Amino acid sequence: MQLHPLILTVLLAAVNIGLAEDRSQELLERHIQWRGGQSNLENLHDITCHGKMSVSGLEGPLTVMQHRDGYRLVKYDLGVTSATEFVTPKGGWELNHSGQLDTMEINKIARQRKAIEGAFEHHLLKGEAAHVGTEKRSDHEWEVLRFTASDNSYTDLLIDQQSGALTWSRSVANKQITWQKMDDWRFVDGVRMFFYNKTELPGGGSGPIVAWEEIRINQNLTPGNFDPQKAARKVVEITDATADWIPVTLHDDRYLYVPCTVNGTRTELLLDSGAGITVLDKSFADTIGIKGNRQITARGTNGTKPATLASGVNIAVGEVKLTDITVAIIDLGDLVHRFGRSMPVILGKELFNNTVIDIDYPKKRVRFHHAETFSYKETGHSLELHPTHNGKRLIKLGIENNPPALFQIDTGSGACIDVFDTYTREQGLLTNRTPVSTGYGGGVGGQVESQRATFHTLDFAGYRMRNVPASFAPPGEGGFGTSDYAGNLGAGILTRFRVIFDFTRNRLHVEPGPGWDTTPFDKNRLGITTNFEDGKLKILHVAKSSPAEQAGLKPGDILEKVNGTTFSEDTWSSSMKKICRAANETPVHLCLADGREFHLMLSDYY
């Protein structure tokens, strides 16, 4: 859960003291005097607040420490969710469930820094204000002072004409209006501070409510009070300095499976750079006696799924040991069934955060380097990784003639590229594009129909690929429903390269493998998506304009044989993928349970 940036302050934009508005100077001075006077505000160096926050039916302790030189520490615990966040002049970081540091995404850092400026009245004392009239709210007539920022967002303070008191503020950004109610103002060492704050979100929704129990100012806080390294735990250790290659299995020619042990039990893990937390499949966790003790909601690609958190988990992979990490336990049964292979462990950012991960897809091997001593000296291309929510990383991609956009890089996705709805509409990627078909797929949270097309060109890390199949996600509530970045780059592209992830330096190094620019991309050239249910191979989806649709196949049809072969629970997934992805103009013979037969020719129908 992410704190709203206005929880602790309402003065987030600039004030014009010298504006020609007749009343702006008078009202501003009256308000500053009501707050405790300009001298006391100028001498405000640090603020420490302890209290409680309630939001969405949850409640728990909240602590915020701030220093006017650009330091901020926020810590809260609402039971099902908690956070510890640090912002300094050098950047921003957050502790994850295992106590590791995740790099904070840049937009959140900017919001936190705005909150610091507001808390210490940087712009109130030095900026510009405009009196924009009067306004009635809560049966009271207020004078309105407007503080406009360089990005044209603004904050209105509703000031009492006689006293200069403040109860309400309105912040407007991107046409979204957020109200703040400040109450229970008290003097703290000569500065008037509010002890109650309620947020009203755009659209009228209720946001966080904060009730401070104690506020202290000028406690001589130093940068050491905001050092994220002091709060972080070291959970990853490489026991041997030599970085030996470890053979991996590429399930479905794209998903990385690496041998490992979990609490001493041998198994294998799926290496997933897009995983915000390490996941154990519930059936595997039950087998080795790991029980969750805190309920959470896991957000997947197309929705959410209930999960529990469990601590005290130890994972070893090669010479790397992860000690006492916190994992999410999720029932992955449906996903495993569709996937065609068990996934007892999905290992994500806990490993990526603290080692340099060298994945050589063409040679099916991986190795782990010490982050402190690693340096890249080879001949590939390097590009910047951009931190985003939950410690994940984004890269810039170029699609055809469109400006470069940020996409998450996700080794756990089997697609070439998934484009999210907001970016698709903003750039008109499907406007006048032909041919366009449909597909069916997903991950945690279920499956959904999406549109499918082919990009003429895709530029990744300085390498241009042509005729790249793409999936266009519909609007949704899952991870694919975000507008914070443009989409996902998956293993359908990455398998053509050796890729070296260096999260500690926010760099990605990329070296091309054989045929990276000449080998045709996999597509579903038959146009059906199937599932094995009750001992039968059932068609779930038929793609628009595909050979299957043109032949008259429908969702619900039962396949008896394909190319003369029947399928079982263990063989259907991999076999059907292989058949559907065969080369263009490959013949396929289908026999249905109702006796109908179809002779089809595979084609690139999108």
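The values are calculated or read from the model by the stated rules, or taken from the named source; none is laboratory data. Remember, it's a predicted structure, so these values are computed and weren't measured experimentally. Here the Cβ is made from the backbone with ideal geometry for all residues, glycine too, and neighbour counts use every protein chain on show. For the accessible areas, the whole protein counts, side chains as well, though only heavy atoms, and no ligand, DNA or RNA atoms are used. Shrake-Rupley method; radii C 1.70, N 1.55, O 1.52, S 1.80 Å.
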As straight-line cross-link partners of K538, the qualifying aspartates and glutamates (C-alpha separation under 20 Å, not fewer than 8 residues apart within one chain) are D334, E449, E549, D557, E560, E569, D570, D594, E597
Those residues of segment 551-567 whose amide nitrogen sits under 18 Å from the label point placed on K536, 7 Å along Cα→Cβ
553-562, 566-567
Give, rounded to the nearest 20 debye, the magnitude of the charge dipole that the chain has about its Cα centre when Lys and Arg contribute +1 at Cβ and Asp and Glu contribute -1 at Cβ.
780 debye
Specify the longest stretch of the chain that does not include any exposed loop site, a site being one of the GluC sites (Glu not before Pro) with a non-H, G, I, E, B DSSP assignment and at most 13 other Cβ atoms within 10 Å.
1-371
Using the heavy atoms of the protein chains and a 1.4 angstrom probe, tell me the accessible area per residue for the chain in square angstrom.
44 Å²
Once both labels are modelled 7 Å past Cα along the beta-carbon direction, what's the Q295-Q33 spacing in nm?
5.6 nm
Indicate, rounded to the nearest 5 percent, the antiparallel portion of the DSSP beta bridges found entirely in segment 413-475.
90 percent
How do 144-156, 281-293 rank on mean C-beta neighbours within 10 Å, highest first?
144-156, 281-293
Zone of T134 (label point 7 Å along Cα→Cβ, backbone N under 18 Å): which residues in segment 156-173?
157-168
DSSP beta bridges in segment 268-344: the antiparallel percent, rounded to 5, is 80 percent
Rounded percent of accessible protein surface that carbon and sulfur make up, the chain, 1.4 Å probe
46 percent
Counting other Cβ atoms within 10 Å, which trypsin sites (Lys or Arg not before Pro) in segment 66-125 have at most 14 and lie in a DSSP loop?
K90
If the cut-off is 13 Å between C-alpha atoms, which aspartates and glutamates fall inside it for K52, apart from same-chain ones fewer than 8 positions away?
D77, E213, E214
Output the antiparallel fraction of DSSP beta bridges having both residues in the chain, as a percent to the nearest 5.
95 percent
Report, in listed order, any pair from K282/K305; K75/K126; K536/K561 with a Cα-Cα distance greater than 18 Å.
K75/K126
Tell me, what is the percent relative contact order of segment 390-533, built from C-alpha pairs under 8 Å that lie six or more residues apart?
28 percent
Gained length - Q176 relative to T287, 0.36 nm times residue gap less alpha-carbon distance:
35.0 nm
Where a label projected 7 Å from the Cα of L201 along Cα→Cβ would reach, residues of segment 55-91 with amide N under 19 Å
55-60, 76-83
